[in-house]
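In what follows, a single structure is set out as structure tokens and then discussed.
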Amino acid sequence: MHDLLTGLFFWIALGVCLIGMIVRFIMYFKGLSWRLDRVAYTSYPAAGFKGAVRSIYKWLIPFGTYGWRTQPFITVAFFGFHIGAVMIPLFLLGHSLFLKEKLGISFFTLNATFADILTWTVVVSAFFLVLRRMVLPEVRIMTTLYDYFILLISIAPFITGLLARYQVGDYSFWLNMHIFCGELLLIAIPFTKLSHVFLFFASRAQLGMDFGIKRGGMKGTKMAW
């Protein structure tokens with residue numbers, strides 16, 4: 001089973017994720033209105049690019065936007081979850097060695113203690129994000145079982161990874177479950193809300209271009225909007 005998970009299943013999961021997200025990117029930009037969006041973008045590329053970059057980096061910085069600053073506790077949980085969710089898969093020593101073997105690429109590796117802290121940060125942050133959905137009425141009313149399912153498959157690789165890391169019970173079982181959950185997550189990305197892993201950059205860029213060109217960004221110019 002281990003050989004299958006680290007061989008054929010890995011390539012299938014990676015292929016589905018990458019091809020699926022390429023299709024999603026194409027569908028996203030093709031879905032933009034030519035009259036409302038793309039004409040302005042092609043006519044004013046410099047202003048649009050500046051607005052896109054500003055929008056992306058501000059949303060990538062904790063407390064970089066007004067929305068983040070109004071909810072400091074949620075902001076800490078949100079960034080705690082996402083920073084760990086990005087760094088652990090790419091920079092954990094075991095993952096780095098695996099990527100080197102399979103893809104021929106490698107990154108710097110995290111100190112084991114720091115990696116443990118990051119992983120626990122992801123798990124604890126996920127708990128508070130779930131608690132937020134259960135406690136806050138304005139969030140609870142918009143939450144469905146689907147949202148909890150997305151959180152579950154997002155956190156499962158980290159929980160199973162910790163169980164394998166601390167050798168709780170059968171190490172081989174939890175290692176295989178960790179790999180399986182990670183591959184399930186890859187497959188789910190293009191077909192679920194998890195697509196925001198990549199589409200975040202597309203949507204923030206598009207909104208940033210809107211504000212950089214049409215919604216006040218070119219105020220005082222001869223811009224028709």
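Annotations
- Segment 162-171 - residue that is open to solvent by 20 Å² or more (accessible area, probe 1.4 Å) and assigned to a helix (DSSP H, G or I) and, of those, nearest to D116 (Cα to Cα): R165
- Residue check for T192: touching a Cys at 6+ places or on another chain (Cβ under 8 Å) and at pLDDT 90 or above: no
- Residues being open to solvent by 60 Å² or more (accessible area, probe 1.4 Å) and closer than 11 Å to G84 by Cα - total across segment 109-123: 3
- Of note, S106 does not satisfy the criterion of being open to solvent by less than 30 Å² (accessible area, probe 1.4 Å) and either of a type outside the set (A, V, I, L, M, F, W, C) or more than 16 Å from the chain's Cα centre (by Cα) (or both).
- Scope segment 173-204; condition open to solvent by 70 Å² or more (accessible area, probe 1.4 Å) and over 30 Å from Y28 (Cβ atoms); matching residues: F173
- Of all residues in segment 68-95, those that are open to solvent by less than 40 Å² (accessible area, probe 1.4 Å) and farther than 21 Å from I155 by Cβ total 1.
- Any chance V130 is part of a helix (DSSP H, G or I), modelled with pLDDT under 85 and surrounded by 13 or more Cβ atoms within 10 Å (Cβ to Cβ): no
- Of the residues contained in segment 4-11, none is found to be part of a helix (DSSP H, G or I), open to solvent by 80 Å² or more (accessible area, probe 1.4 Å), modelled with pLDDT under 90 and of a type in the set (S, T, N, Q).
- Within segment 133-158, the set of residues being farther than 24 Å from M177 by Cβ and either in a helix (DSSP H, G or I) or open to solvent by 40 Å² or more (accessible area, probe 1.4 Å) (or both) comprises R133, M134, V135, L136, P137, E138, V139, R140, I141, M142, T144.
- In the set (1) modelled with pLDDT under 85; (2) β-branched (V, I, T); (3) closer than 30 Å to I159 by Cα; (4) surrounded by 12 or more Cβ atoms within 10 Å (Cβ to Cβ), the condition left unmet by T65 is number (3).
- Residue within segment 54-61 that is part of a helix (DSSP H, G or I) and open to solvent by less than 60 Å² (accessible area, probe 1.4 Å) present: yes
The values are calculated or read from the model by the stated rules, or taken from the named source; none is laboratory data. Everything quoted here is computed from the prediction, not taken from an experiment. Every residue, glycine as well, gets a Cβ built from its backbone with ideal geometry; the counts of neighbours run over all protein chains shown. In case anyone asks, the SASA skips ligands and DNA or RNA and just uses the protein heavy atoms, side chains included. Shrake-Rupley method; radii C 1.70, N 1.55, O 1.52, S 1.80 Å.
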